[in-house]
Amino acid sequence: MAAGSIVVDLLMRTGAFETDTKRAEARLKQMEREAKKVGAAIGVAFAAATAATVALVKSSIDAADAAAKMARSVGVSVGAFNELAYAAELAGVQNTEFTASMGRLARMAKDADDGVKKSAEAFADLGIKLRDNEGRLKGTDALLAEVSDALAKMEDGTRKTALAQEFFGRSGANMITLLNGGGKALQEAAKEARELGLVLSDETARAAEQFNDDLTRLGKLARGFGNDLATALLPVLTDVSGALVQAGKDARAG
């Protein structure tokens, strides 16, 4: 190959190399920009997921705290309350109504056991014994299942509604949908609640109560710190504010 041809060929190859290099650099810069965009999107998504997780955990803690208090008010374990509350929710009974109804049943059972005639007769009419074979007063959850079995055998109507209201108060009529399935339906709902991870232990519920109580205490500590600062600064602040007011009056008078 002639020297001139070699030179031309080298120049052409060099030009092509430079062009390809520039293209590669441009592509790399574009990829870098895209990667930064993706990274930013990932960061936003991660932050959102973290916030959502924190909110979910706090919501679960609040629910466990509330369940502990409601379970205590109706005389059942937290786990039993979770199971029954899930059954009530499936039946369309609001949580506040269900809790009030269970509280009414617990009080009625206590009255009947103490010899209050009207309450004792109500349980006796349904063939329900208040104490188990070992002589212990049955839990509210066990009594609910037995009352549910008794009412489930009755046809819907005035008498059934009246009995439901006698045992469960003003929300008794709304409880009929829950009661119509009998104790078996309650057991099935309890099983499903456990499978869905909705049933908490008493220990977890107590920990949730403790955590929320500690958050309240921390908030009060912050308020106390603010009170301390206000106490220390108010004498100076009142002097300053008083001087400003007086200066304003003097300016208007002048």
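General observations
- Here Leu200 fulfils each of the conditions (1) in contact (Cβ under 8 Å) with a residue 40 or more places away in the chain; (2) assigned to a helix (DSSP H, G or I) apart from (2).
- Residue list for segment 235-250, restricted to those being modelled with pLDDT under 85, under 52 Å from the mean Cα position of the chain (by Cα) and loosely packed, with under 10 Cβ neighbours inside 10 Å: Val236
- Boolean, Ala145 is closer than 25 Å to Ala80 by Cβ, at pLDDT 90 or above and buried (at least 18 other Cβ atoms within 10 Å of the Cβ): yes
- Residue match in segment 176-192 (condition: touching a residue at least 40 places away in the same chain (Cβ under 8 Å), among the acidic types (Asp, Glu), in contact with a helix residue (DSSP H, G or I) (Cβ under 6 Å, 6 or more places away or on another chain) and surrounded by 13 or more Cβ atoms within 10 Å (Cβ to Cβ)): no
- Pick from segment 89-103, criterion without any contact (Cβ under 8 Å) to a residue 60 or more places away in the chain and among the β-branched types (Val, Ile, Thr), ranking: surrounded by the fewest Cβ atoms within 10 Å (Cβ to Cβ): Thr96
- Just one of (1) free of Cβ contacts under 8 Å to residues at least 24 places away in the same chain; (2) open to solvent by 90 Å² or more (accessible area, probe 1.4 Å); (3) assigned to a helix (DSSP H, G or I) fails for Glu155. It is (3).
- Residues that are hydrophobic (A, V, I, L, M, F, W, C) and in a helix (DSSP H, G or I) within segment 125-152 comprise Ala142, Leu143, Leu144, Ala145, Val147, Ala150, Leu151, Ala152, listed in sequence order.
Here is a yes/no grid of residues against (1) more than 15 Å from Ala145 (Cα to Cα); (2) part of a helix (DSSP H, G or I); (3) open to solvent by 60 Å² or more (accessible area, probe 1.4 Å):
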site	(1), (2), (3)
Arg72	yes, yes, yes
Glu83	no, yes, no
Ala87	no, yes, no
Ala106	no, yes, no
Gly115	yes, no, no
Ala120	yes, yes, no
Phe123	no, yes, no
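The values are calculated or read from the model by the stated rules, or taken from the named source; none is laboratory data. Predicted model, so just to flag it, every value in this text is computed and none were measured. For neighbour counting, all protein chains shown are included, and Cβ atoms are generated from backbone atoms with ideal geometry for every residue, glycine included. Accessible surface is based on the protein model in full, side chains and every heavy atom, while ligands, DNA and RNA are left aside. Shrake-Rupley method; radii C 1.70, N 1.55, O 1.52, S 1.80 Å.
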